[in-house]
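A.B. asks: Pasting a structure below so you can have a look.
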Amino acid sequence: MTILMTIKFGPAGLGPVKDACSILEEYSQLGLRVCEIAFTYGIYIKNKEDAIRIDKRAKELNIKLSIHASYFVNLNSEEKAKREATKKRILDCCEVGELLGAEIVVFHPGFYGKDRNTAHQAIKEGISELLTEIKRKGLKIKIAPETMGKINVFGSIEEISLLVKETGCSFCLDFAHILAREKKVDYNKIKALFPGKDWHCHFSGIVYGDKGEKNHIKTEKDAWKNLLTNLPKDKNITIINESPDMIEDSVEGLKIFKTI
């Protein structure tokens, strides 16, 4: 099989600020070309000079950075103060991400709340407001709502695709989450819903049940092979691994990709 697509592999973590550049060097030596910085429990790169230094080293090593925003967000909260706090947390990630040279900020869009029918409108409005503010601030970074793995959380492939069409935002396809939510991955359907050239993806092993995702686990070789043989061949694809062994798993994914 001839592979025409470009896939870059890397982990969902950079580590402490003081070690960031040396960690990036280690990733580069392993052949990894992307890294997602986890601001999931708060923005820990606070110093502007540190951010610029990390950006410079990442560019020298040809490693593309991305950001995962705080877990404590919900664009469909019933409380306006919490919606505003959500937007501020995402915007703060965008501003630091810009200094880091990151291309995209991934975030969890929100919960369904009491009325699933109104969730989409509230989340769409929140994303539109974020995009307006990003443009006003002159930032180039993109924001990407993620497909979610629990059935009671907003973030099916159809819901994320519609947000992309209506707002022009980017997206994050988490294939582990899709499997947990749908109990299968319909690659043809996903290709139709996300025709864009650039795909930012998450992937790992996952344990799931009737209500969807339970927890991430080490990524099995067969899972990697299934993903890599089914991905479209005409995309530029980033795959961030979120397993407990994310560095080892990213290297394994790269090795398998080279054999396909």
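A.B. asks: Just report the Cα centroid separation between region 5-76 and region 173-209, whole Å.
C.D. replies: With region 5-76 and region 173-209 each reduced to a Cα centre, they are spaced 23 Å.
A.B. asks: Which of Ser243, Ser204, Ser128 moves the most in a Gaussian network model of the chain with Cα springs under 10 Å?
C.D. replies: Result: Ser128 has the largest fluctuation of those listed.
A.B. asks: Which value, in debye to the nearest 20, describes the size of the charge dipole of the chain about its Cα centre when Lys and Arg Cβ atoms bear +1, Asp and Glu Cβ atoms bear -1, and nothing else is charged?
C.D. replies: 440
A.B. asks: Would you work out the relative contact order for the chain, in percent, from Cα pairs under 8 angstrom that are 6 or more residues apart?
C.D. replies: Details: 506 pairs, mean separation 52.1, N = 260.
Relative contact order comes out at 20 percent.
A.B. asks: Let me ask another. Amide H to amide H, which residues 5 or more places from Gly15 or on other chains are under 5 Å from it, using H placed in the peptide plane?
C.D. replies: The list, which skips near neighbours in sequence, is Ala38.
A.B. asks: Once the Cβ-Cβ distance between Glu129 and Lys218 is put in as r, and R0 is 51 Å, what FRET efficiency do you end up with, to the nearest 0.05?
C.D. replies: Details: r = 39 Å, r/R0 = 0.76.
The formula returns an efficiency of 0.85 here.
A.B. asks: Residue-wise, which Karplus ³J(HN,Hα) couplings in Hz belong to region 204-220, taking 6.51 cos²θ - 1.76 cosθ + 1.60, θ = phi - 60°, and x for glycine or proline?
C.D. replies: For region 204-220, the Karplus curve yields 6, x, 8, 9, 9, x, 4, 9, x, 4, 10, 6, 7, 9, 4, 7, 6 Hz.
A.B. asks: If you don't mind, there's one more thing I want to ask. For region 6-259, what are Rg and Dmax over the alpha carbons, in angstrom?
C.D. replies: That works out to 17.3, 51 Å for Rg and Dmax.
A.B. asks: Let me ask another. Once amide H atoms are built 1.01 Å from N in the peptide plane, which residues 5 or more positions from Ile206, or in another chain, come under 5 Å H to H?
C.D. replies: Residues meeting the amide H criterion: Ile217.
A.B. asks: May I ask you to compute the full-extension gain from Glu26 to Leu162, defined as 0.36 nm times their residue separation minus their alpha-carbon distance, rounded to one decimal in nm?
C.D. replies: Length gained, Glu26 through Leu162: 45.1 nm.
A.B. asks: May I pose another question? By its C-alpha gyration tensor, with a ≥ b ≥ c as the square roots of the eigenvalues, how is region 201-260 shaped: rounded for a/c under 1.5, else prolate for a/b larger than b/c, else oblate?
C.D. replies: Prolate shape, in that a/c is at least 1.5 and a/b is the bigger ratio.
A.B. asks: Which value at 222 nm does the chain reach when only helices count, each DSSP H run of 4 or more adding -39,500 (n - 2.57), with the total divided by all residues and rounded to the nearest 500 deg cm²/dmol?
C.D. replies: Using -39500 (n - 2.57) per qualifying helix, the result is -14000 deg cm²/dmol.
A.B. asks: Run through the DSSP bridge list for the chain and note the antiparallel percent, rounded to the nearest 5.
C.D. replies: 25
A.B. asks: Would you calculate the volume per residue, in Å³, of the smallest convex hull containing every Cα atom of region 66-149?
C.D. replies: Convex hull volume per residue, Cα atoms: 83 Å³.
A.B. asks: If you take the Cα Rg of region 141-246 and divide it by 2.2 N^0.38 Å, with N the number of residues, what do you get? Each step should come with its number before you reach the end.
C.D. replies: Values: Rg = 13.1 Å, N = 106, 2.2 N^0.38 = 12.9 Å.
Region 141-246 yields a ratio of 1.01.
Taken together, the values in this text are just the output of simple stated rules run on the coordinates, not laboratory data. All figures in this text were calculated on a predicted structure; none of them were measured in a lab. Quick reminder, even Gly has a Cβ in these numbers, built from the backbone with ideal geometry, and neighbours come from all protein chains shown.
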